[in-house]
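The values are calculated or read from the model by the stated rules, or taken from the named source; none is laboratory data. Predicted, not measured: the structure shown is a model, and the values here were computed from it. Heads up, the Cβs are rebuilt from the backbone with ideal geometry, glycines too, and the neighbour counts pull from every protein chain shown. These area figures cover heavy atoms from the full protein model, side chains too; ligands, DNA and RNA do not enter into them. Shrake-Rupley method; radii C 1.70, N 1.55, O 1.52, S 1.80 Å.
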Amino acid sequence: MGKKIKNMEISKNGEVAFLTFPSFSAYPFVRHAFSTRLGGVSKNEFSSMNLAFHRGDPDKNVEENYRRFCGAAGFDYNTLVSSAQDHHTFIRRVRHEQYGTGIWKPKDMESVDGLITDEPNVTLVTHYADCVPVFLLDPQKHAIGLVHSGWRGTAAKIAMEAVKAMEREFRTCPDDLIAGIGPSIGPCCFEVDRPVRDRFAALTELHTENFIHEDGGGKYHIDLWETNRRILMEAGVPEKSITIGGICTKCHSDLLFSQRAMGNRRGGLSAFMELVDAG
Ligand SMILES: [Zn+2]
């Protein structure tokens, strides 16, 4: 059992530390984790658990980090399937045919910001450094989803697109879904200019006026966690079934990579989730 950090739990296995939602741990047929900076082999600005390829860290380091992370958090490296994120809203259903995609096998698609599956032993992997990870679990139909919801994805309601995709593909009832909103830039640190503020203010059905704060001087703070929570509720997920992790990447940049804290000289974090085959 891990130690509590905000509304999540931090566990350590050897040097590797990872975050989980206690609300998901109640279901034995799902395994999930969000990475931290701790326990990898990368150096300098990538120190040390960098899970982002093509940022200047040698591929062999990133691969070794994936192996170490998988070993520590209980995932099988051979079953990883990655997204191909570009801040749009396409949700891809993946199966074992996609094993390795974007990790140890080249990407086969562009513009995949969300992944869903109902197949056991397919490990969904999505990537972050301030954007919002949304974890979805349907405990009735045994299906899962992982969503990369940056400010653009949030404004375009990608979390709702994922719920709709699960309804379509797995006959998920949104009322059954359990959701976790993971570590990202928090309302404390997500400062934006007027054009971004206007995109959120236009989402009047979410009552965004309650979580856009004007600082003066043309600067605003936006709460992406609360926005995603309301988007999930609009999609039919019960309020009681949604956990906001409450961990700000910028405020915890010793533990988590943050674009806003570190700029472009940084590594990347990943979210992982799989259905566990009961046999
Ligand atoms: Zn913060």
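Taking amide H as placed 1.01 Å from N in the peptide plane, ILE103 has its amide H under 5 Å from the amide H of SER82, each at least 5 places away in sequence or on another chain.
What is the diffusion coefficient of the chain in µm²/s, taking the Kirkwood radius over Cα pairs and the Stokes-Einstein relation at 37 °C with a viscosity of 0.692 mPa s? Show your work: numbers first, answer last.
Numbers: Rh = 18.6 Å.
It diffuses with D of about 177 µm²/s by this estimate.
In region 109-154, taking the dipole from charged Cβ atoms about the Cα centre, the farthest positive-side position among VAL122, GLY145, VAL112 is held by GLY145. Taking θ as phi - 60° and the Karplus parameters 6.51, -1.76 and 1.60, the scalar couplings of region 159-166 work out to 4, 5, 4, 5, 4, 4, 5, 5 Hz in sequence order, x denoting glycine and proline. Solvent-accessible area per residue in region 52-174 equals 39 Å², computed with a 1.4 angstrom probe and all protein chains kept.
For region 72-78, putting each phi into the Karplus relation 6.51 cos²θ - 1.76 cosθ + 1.60 with θ = phi - 60° gives couplings of 6, 9, x, 9, 9, 3, 5 Hz, in residue order, rounded to whole numbers and with x for Gly and Pro. Note on the chain: with a GNM built from Cα contacts shorter than 10 Å, the maximum mean-square fluctuation among ILE212, ILE116, ILE181 falls on ILE212.
Roughly how many percent of the accessible protein surface of the chain is carbon and sulfur, given a 1.4 Å probe and a whole-percent answer? Answer for the chain is 47 percent, counting heavy atoms of protein chains only. Under a model in which nothing but the beta-carbon of Lys, Arg (+1) and Asp, Glu (-1) is charged, region 128-200 shows a dipole of about 180 debye around its Cα centre.
Estimated at the nearest 10 Å², the accessible area of TYR99 is 60 Å² with a 1.4 Å probe. What region 189-249 shows is 45 Å² of accessible area per residue, with the surface traced by a 1.4 Å probe over protein heavy atoms.
Once you charge only the Cβ atoms, +1 for Lys and Arg and -1 for Asp and Glu, what is the size of the charge dipole of the chain about its Cα centre, to the nearest 20 debye? Spell out each step's value before the answer.
Working: 33 positive and 36 negative charges, 113 e Å.
Rounded to the nearest 20 debye, it is 540 debye.
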